[in-house]
Amino acid sequence: MKEGRKTVIVTGASRGIGHAIARCFVERDWRIITCSRGDVPLECKRDPHWTLHVPTDLGDAESLTRFVDEANRVIGDGPLHALINNAGISPKTPFKERLGCLNGEISAWREVFELNFFAALKLSRGFASALHRGGGSVVNITSIAGHYVHPFAGSAYSISKAALSALTRQLAHEFAELGVRVNAVAPGEIETEMIQPEYEVLVPRIPLNRMGAPADVASTVYYLCSPEAGYVTGTEVWVTGGQHLY
């Protein structure tokens, strides 16, 4: 990979927050490597900044390994400046109920943790050397639901995000020896395809009196990867419009 532009890996980049994050880095002249279960829009493939997209199921060990190998092949001996662990799922039971402590198969809980938690750990390990070469930054996308009992988020999702918050702190401690910073961004109610009509009842609980936009999360992620945040590690930044205050 040629020297010059910085390089970032973004998971779950085909839509929603992940796509907004990828676009944010593209607009700032970064080279982009992405993965998601689906493909990215055609206009993204035409963008010269979008170096590589690999359709990947990060919940599947073989698929994740293939992505790590392919991305590292493209990076070569060059640096990686940022890894954004954004991909995640919040599944429902066959009866459209969210996975709780008393309902749903335990195997479904394992699927949630495999993608929402273990994938971030595996990817951080898989790109540790490249991040070290780049003096890079890892940003994990957690959630307000990982800190409070959320009325619409299932227990499996919420607990997996709480675990990801804890992982962020431990990674920050261990990766500091590599010169790599690790932080998290915890979004609140962000207007994406995941938001259902019932979420409107939460708006009065948000001090800024509106839901957030994917760009609100993306700009915060970019800040944590920038030199301006060079002394920030082990931190979780709330992007909730103040909802976490209650």
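The values are calculated or read from the model by the stated rules, or taken from the named source; none is laboratory data. Bear in mind that the values here come from a model prediction, so they are computed numbers and not experimental data. In this analysis, Cβ positions are derived from the backbone assuming ideal geometry, glycine residues included, and neighbour counts consider all displayed protein chains.
Output the residues belonging to segment 215-246 that are touching a helix residue (DSSP H, G or I) at 6+ places or on another chain (Cβ under 9 Å) and of a type in the set (S, T, N, Q). Residues satisfying the conditions are Ser219, Thr233, Thr235, Thr240, Gln243. Residues of segment 3-14 include at least one that is out of contact with any helix residue (DSSP H, G or I) (no Cβ under 7 Å at 6 or more places or on another chain), modelled with pLDDT of 95 or more and farther than 22 Å from Ala162 by Cα. Number of residues in segment 146-161 that are in contact with a Pro (Cβ under 9 Å, 6 or more places away or on another chain) and either modelled with pLDDT under 85 or assigned to a loop (DSSP other than H, G, I, E, B) (or both): the value is 1.
Contact annotation: residue pairs with Cβ atoms under 9 Å, 6 or more positions apart or on different chains, pairing a residue in segment 129-144 that is in contact (Cβ under 8 Å) with a residue 40 or more places away in the chain with a partner that is buried (at least 20 other Cβ atoms within 10 Å of the Cβ) and acidic (Asp, Glu), are Ile144/Glu189.
Somewhere in segment 38-48, is a residue modelled with pLDDT under 95 and farther than 21 Å from Ile17 by Cβ? Checked against the condition, which is being modelled with pLDDT under 95 and farther than 21 Å from Ile17 by Cβ, segment 38-48 yields at least one hit.
Taken over segment 26-84, the criterion of being without any contact (Cβ under 8 Å) to a residue 60 or more places away in the chain, among the β-branched types (Val, Ile, Thr) and not in a helix (DSSP H, G or I) is satisfied by Ile32, Ile33, Thr34, Val40, Thr51, Val54, Thr56.
Considering only residues in segment 230-246 that are outside any loop (DSSP other than H, G, I, E, B) and modelled with pLDDT of 95 or more, the one that is surrounded by the fewest Cβ atoms within 10 Å (Cβ to Cβ) turns out to be Glu236.
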